[in-house]
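Here the structure is laid out as structure tokens; the discussion comes afterwards.
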Amino acid sequence: MTSELILAETGPTTGRPVLVLHGGGGPATVTPIAEHFSTTAHTLLPTHPGWNSTVRPDHFTTVADLAAAYLRLLRDRHLSDVLVIGSSLGGWIAAELATADTEGLISGIILMNSVGIEVDGEPLRDFFALDARGVAEYAFHDAERFYADPATLPAERLAVVQTNMAALRVFSGGPAMKDVTLRPRLAAVTVPTLVLWGESDRIATPAYGKEYAASFANARFEVVAEAGHLPHLEQPARTFALLDAFAAETGHR
């Protein structure tokens, strides 16, 4: 599957590898993260199969499938000391990837408003039940700034949104967006982990994020004020300061 991955690579090839994993909105939602790190790092930004009208093999249907593909990518490229950054669904993939990394290729993990685990009393919002206005209200601190009226979007953009939502539904398993086996497995992950959360996220609440961090053996939890589900878009300076500090702490190069 690795040969079929759509992959954008930027930055110096001698820099620390940084694998950036996008969420349901597609690679554009995390492009600022990839661009930020590309000044010093070998940055890899894949498009998950099925997003942006890319081909998804019929047998390729779970987050574990995605994690396995990205672990093969790291192995095939002989990459080590890898910093993995995942946003939303991408964080779920990163967490699954960390549990499968038996060779120690990953030296740091950053989960940003991630989904994927089950937390009693903190269910994830049914993202598929929200209209565009609801997405803005629940996902962002400043809803008006990020609301996009579907009536104003070009047909090509609407088609991309629809295909991305369809792919998200396949890999996430629908509204639940969780794997009940994941959380118990995270306790075995000893790699330094930063769990970073937008304070105003109502898709996955900060309380959910705090429990996510507590699931790892070596994680810390940081909150970004005045930001929601995508803190790097609403508060880039605050978010990148936290990302850079963690990257500096964990890199071996």
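The values are calculated or read from the model by the stated rules, or taken from the named source; none is laboratory data. As the structure is a prediction and not an experimental result, all values here were calculated from the model. Cβ sites come from the backbone with ideal geometry, for glycine too, and all protein chains shown count toward neighbours. For accessibility, only protein heavy atoms count, side chains too; no ligands or nucleic acids. Shrake-Rupley method; radii C 1.70, N 1.55, O 1.52, S 1.80 Å.
If the elastic network links every pair of Cα atoms under 10 Å, which of Ala155, Ala34, Ala214 fluctuates the most in the Gaussian network model of the chain?
Ala155
Find the relative contact order for the chain and round it to a whole percent, using C-alpha pairs within less than 8 Å whose residues are 6+ positions apart.
Relative contact order comes out at 20 percent.
Binned at 10 Å from 0, what are the whole-percent values of the Cα-Cα distance distribution for segment 140-241, short to long?
14, 31, 38, 15, 3
Using a 1.4 angstrom probe, figure out how much accessible area segment 42-171 has per residue, in square angstrom, rounded to the nearest whole.
Working: 5460 Å² over 130 residues.
I get 42 Å² per residue for this part.
Can you give the log10 of the normalised intensity I(q)/I(0) at q = 0.17 Å⁻¹, computed with Debye over equal Cα scatterers of segment 133-195?
Here the Debye-derived log intensity ratios amount to -0.87.
With each run of n ≥ 4 DSSP H residues scored as -39500 (n - 2.57), what mean residue ellipticity at 222 nm is computed for the chain after dividing by its residue count and rounding to the nearest 500 deg cm²/dmol?
-11000 deg cm²/dmol
Starting from 0.36 nm per residue, how many nanometres of slack lie between Ala143 and Ala155 once their C-alpha separation is accounted for?
Details: separation 12, 0.36 × 12 = 4.32 nm, distance 2.31 nm.
Residue separation times 0.36 nm, minus the Cα-Cα distance, leaves 2.0 nm.
Return the FRET efficiency for the residue pair Ser80, Asp244: r is the Cβ-Cβ distance, R0 is 22 Å, and the value is rounded to the nearest 0.05. Write down the numbers at each step before the final one.
On the way: r = 21 Å, r/R0 = 0.94.
Result of the calculation: an efficiency of 0.60.
For the chain, return all DSSP H helices satisfying: extent of Cα atoms along own axis at least 15 Å; mean Kyte-Doolittle hydropathy at least 1.0. All intermediate terms of the calculation are to be shown ahead of the outcome.
Numbers: long enough: 63-76 (20 Å, 0.66); 89-100 (17 Å, 1.12); 155-172 (25 Å, 0.62); 236-250 (21 Å, 0.51).
Helices passing the filter in the chain: 89-100.
I want to verify the translational diffusion coefficient of segment 1-158 in µm²/s; compute it with Stokes-Einstein, Rh as the Kirkwood radius over Cα pairs, at 10 °C and 1.306 mPa s.
Taking Rh from Cα pairs, D becomes 95 µm²/s.
If you take every DSSP beta bridge fully contained in the chain, what fraction is antiparallel? Give it as a percent rounded to 5.
The answer is about 15 percent antiparallel.
Considering only C-alpha atoms, what is the centroid distance from segment 144-170 to segment 18-60, in Å?
The two parts, judged by their Cα centres, are 17 Å apart.
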